[in-house]
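Chemist: Okay, here's the structure, questions in a sec.
The values are calculated or read from the model by the stated rules, or taken from the named source; none is laboratory data. What you see is a predicted model; the values in this text were computed from it and never measured. Cβ: placed from backbone, ideal geometry, glycine included. Neighbour counts: every protein chain shown.
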Amino acid sequence: AGVLHLYAGGKSFSGRTIRVGGRELFHFGTTGYLGLEQDDRLKRAAKDAIEKFGTQFPLSKSYISNPLYEELERSVTTMYQNPVVITKNSTLGHLGVIPSAVDDQDVIVLDHQVHWSVQNAAKMLKTRSVPIEMIRHNHLEMLEDKIKKYRDSKKHIWYMADGIYSMYGDYAPVKELLALADTYPQLRFYFDDVHGMSWVGKHGTGYVLNELGDLPENVLLFGTLSKTFGASGAVLTCSNPEMYDRIKTFGGPLTFSAQLEPASVAAAIASAQIHLSPEIYDLQKDLRQRIDYFNDCLMATDLPLIDHNASPVFYIGTGMPKTGYNFVNRLMKEGYYVNLGIFPAVPVKNTGVRITISRHNQREEIKGLVEAMTYHFPKALEATQTYAQRVFHAFKLEPRTKSEHRISEGLCVEIKESIDQVDKGTWNRYLGGQGVYDWEGLK
């Protein structure tokens, strides 16, 4: 429908706009929240590294690292005040760390919304007969039930979650989770905080560490050197010396994957220097002002904002995919590039529009986007034969205003809570053969 698998156009890129289909659109889809990917200091460092060291350093890091790696590791260690492992990216990092950190006598509990890369790496341990459980998003009662289920039979119970969730922009309840560990000493935590990086916390070390203060030994924490850090790569930090040595020595993809290119390492060093200076707090403040302004604009509307918080990630629910496609296409025609949140990133009925705010965005286009959403949201609902209360219901939200919707005379409306309550034959007579929309797909 013209909103996925696109190619950006143009011969240059500023961050404020993005060229799609021959048109310049205001860019509300970046994960470079602080705009550091366009910082001249990072660009100069990357170009200088290519001139000095080439486009790559083709050796395993287990043997020898390129000459810039030591400085990067030293700088990032200073940021976190704990030992770090630099990885090619977070997906490879998870594949290297999780199988090394989790013992055969352990169990893993996944938050339903934890990033796919964490889920994928964790599920590899099924081959070692490590149980993998999943709980509803941020549902502490369900987590405690799982802990009680396994506390007498397993060595460690690992809970794996995001710090800031990449679609809804909501937070893991870090302090409440750590309080659980006081009651259940077997509990271990694995946080992927790549979307919490840079824009919050001391030295920009992210949401999770900002909540923790100090990194306890029962927590493994992933951050990023890409996205809002502005360079490339990912970083694991760990305060348990034995665990750190085990991961660094035996993490398969950490040992056998190619190392970061000199340009990426140099750009990351330049970014780390910014993070270690007072400037990072000015950048955080500047972004926060834009986030606050967007929140203020949204609060004056009836749009179904899924979670109201101070992160740069926002999610406007649309319910079913056809409504989401319609809404995103309308916004793009108005000149605003946003992301469609769709299955498998979110459940089918929780399709929506993901919007990210960065320092590239100016107040006038922020206001313009909210005005465009306010105008086109009801039109997208009407065009796809749905209504606002259905969307709010799908996300378990209370509408701020009661939207009116017309029911044709003589039409009997029944509301079902589950596809199990609908006759399979009747449903498939109208929607069979429609992939995820048929009875089996929704099951």
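Chemist: Among residues belonging to the stretch 294-329 that are in a helix (DSSP H, G or I) and either touching an Asp or Glu at 6+ places or on another chain (Cβ under 9 Å) or of a type in the set (Gly, Ala, Ser) (or both), point out the one that is farthest from residue 374 (Cα to Cα).
Modeler: Residue satisfying both the conditions and the ranking: 324.
Chemist: Okay, next question. Is at least one residue of the stretch 12-33 at pLDDT 95 or above and more than 30 Å from residue 325 (Cα to Cα)?
Modeler: No, every residue in the stretch 12-33 fails to be at pLDDT 95 or above and more than 30 Å from residue 325 (Cα to Cα).
Chemist: Continuing with the same structure: Please go through the stretch 342-375 and pick out each residue that is assigned to a strand (DSSP E or B) and farther than 18 Å from residue 397 by Cα.
Modeler: The answer is 355, 356.
Chemist: Scan the stretch 107-127 and give yes if some residue there is in contact with a helix residue (DSSP H, G or I) (Cβ under 8 Å, 6 or more places away or on another chain), more than 14 Å from residue 162 (Cβ to Cβ) and among the charged types (D, E, K, R), otherwise no.
Modeler: For the stretch 107-127, residues in contact with a helix residue (DSSP H, G or I) (Cβ under 8 Å, 6 or more places away or on another chain), more than 14 Å from residue 162 (Cβ to Cβ) and among the charged types (D, E, K, R): absent.
Chemist: Sticking with this structure for a sec: Please find, within the stretch 376-388, the residue that is modelled with the lowest pLDDT out of those that are surrounded by 18 or more Cβ atoms within 10 Å (Cβ to Cβ) and assigned to a helix (DSSP H, G or I).
Modeler: So the residue we want is 388.
Chemist: If you don't mind, there's one more thing I want to ask. Give 292, 296 a once-over and let me know the one that is among the charged types (D, E, K, R), over 21 Å from the mean Cα position of the chain (by Cα) and in the same structural domain as residue 375 (by TED's automatic domain parsing).
Modeler: 296
Chemist: Separate question: Take the residues in the stretch 25-40 that are among the acidic types (Asp, Glu) and touching a residue at least 40 places away in the same chain (Cβ under 8 Å); name whichever of them is surrounded by the most Cβ atoms within 10 Å (Cβ to Cβ).
Modeler: Within the stretch 25-40, the match that is surrounded by the most Cβ atoms within 10 Å (Cβ to Cβ) is 37.
For every residue, the table says whether it meets (1) modelled with pLDDT under 90; (2) surrounded by 22 or more Cβ atoms within 10 Å (Cβ to Cβ); (3) in contact with a Ser or Thr (Cβ under 6 Å, 6 or more places away or on another chain); (4) within 17 Å of residue 298 (Cβ to Cβ).
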site: 338; (1), (2), (3), (4): no, yes, no, yes
site: 354; (1), (2), (3), (4): no, yes, no, yes
site: 359; (1), (2), (3), (4): no, yes, no, no
site: 374; (1), (2), (3), (4): no, no, yes, yes
site: 390; (1), (2), (3), (4): no, no, no, no
site: 394; (1), (2), (3), (4): no, no, no, no
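Chemist: Ok, one more. Just to be sure, is residue 6 of a type in the set (A, V, I, L, M, F, W, C) and modelled with pLDDT of 90 or more?
Modeler: No, not satisfied.
Chemist: Can you name the residue in the stretch 78-97 that is part of a loop (DSSP other than H, G, I, E, B) and under 21 Å from the mean Cα position of the chain (by Cα) and, of all such residues, is farthest from residue 135 (Cα to Cα)?
Modeler: 88
Chemist: Looking at residue 285, is it under 18 Å from residue 393 (Cα atoms), surrounded by fewer than 22 Cβ atoms within 10 Å (Cβ to Cβ) and either hydroxyl-bearing (Ser, Thr, Tyr) or not assigned by TED's automatic domain parsing to the domain that holds residue 229 (or both)?
Modeler: Criteria not met by residue 285.
Chemist: Sticking with this one: Taking the criterion of being aromatic (Phe, Trp, Tyr), without any contact (Cβ under 8 Å) to a residue 60 or more places away in the chain and either closer than 30 Å to residue 338 by Cα or not assigned by TED's automatic domain parsing to the domain that holds residue 112 (or both), would at least one residue in the stretch 178-195 satisfy it?
Modeler: yes
Chemist: Right, something else. Listed residues 266, 231, 258; which is more than 14 Å from residue 35 (Cβ to Cβ) and surrounded by 15 or more Cβ atoms within 10 Å (Cβ to Cβ)?
Modeler: The unique qualifying residue is 266.
Chemist: Could you please give the count of residues in the stretch 3-24 that are surrounded by fewer than 12 Cβ atoms within 10 Å (Cβ to Cβ), touching a residue at least 12 places away in the same chain (Cβ under 8 Å) and within 23 Å of residue 344 (Cβ to Cβ)?
Modeler: Of the residues in the stretch 3-24, 1 are surrounded by fewer than 12 Cβ atoms within 10 Å (Cβ to Cβ), touching a residue at least 12 places away in the same chain (Cβ under 8 Å) and within 23 Å of residue 344 (Cβ to Cβ).
Chemist: From the list 117, 75, 166, 100, which one is touching a residue at least 40 places away in the same chain (Cβ under 8 Å), in contact with a His (Cβ under 7 Å, 6 or more places away or on another chain), surrounded by fewer than 23 Cβ atoms within 10 Å (Cβ to Cβ) and outside any loop (DSSP other than H, G, I, E, B)?
Modeler: 117
Chemist: Cβ-Cβ below 7 Å, separation at least six or inter-chain, first residue in the stretch 351-376 and over 15 Å from residue 29 (Cα atoms) and in the same structural domain as residue 113 (by TED's automatic domain parsing), second part of a loop (DSSP other than H, G, I, E, B) and of a type in the set (Ser, Thr, Tyr): which pairs?
Modeler: Matching pairs, first to second residue: none at all.
Chemist: Something else now. Need the failing condition index for residue 91 against (1) in contact with a helix residue (DSSP H, G or I) (Cβ under 6 Å, 6 or more places away or on another chain); (2) at pLDDT below 95; (3) surrounded by 19 or more Cβ atoms within 10 Å (Cβ to Cβ), just the number.
Modeler: All conditions pass for residue 91, except number (3).
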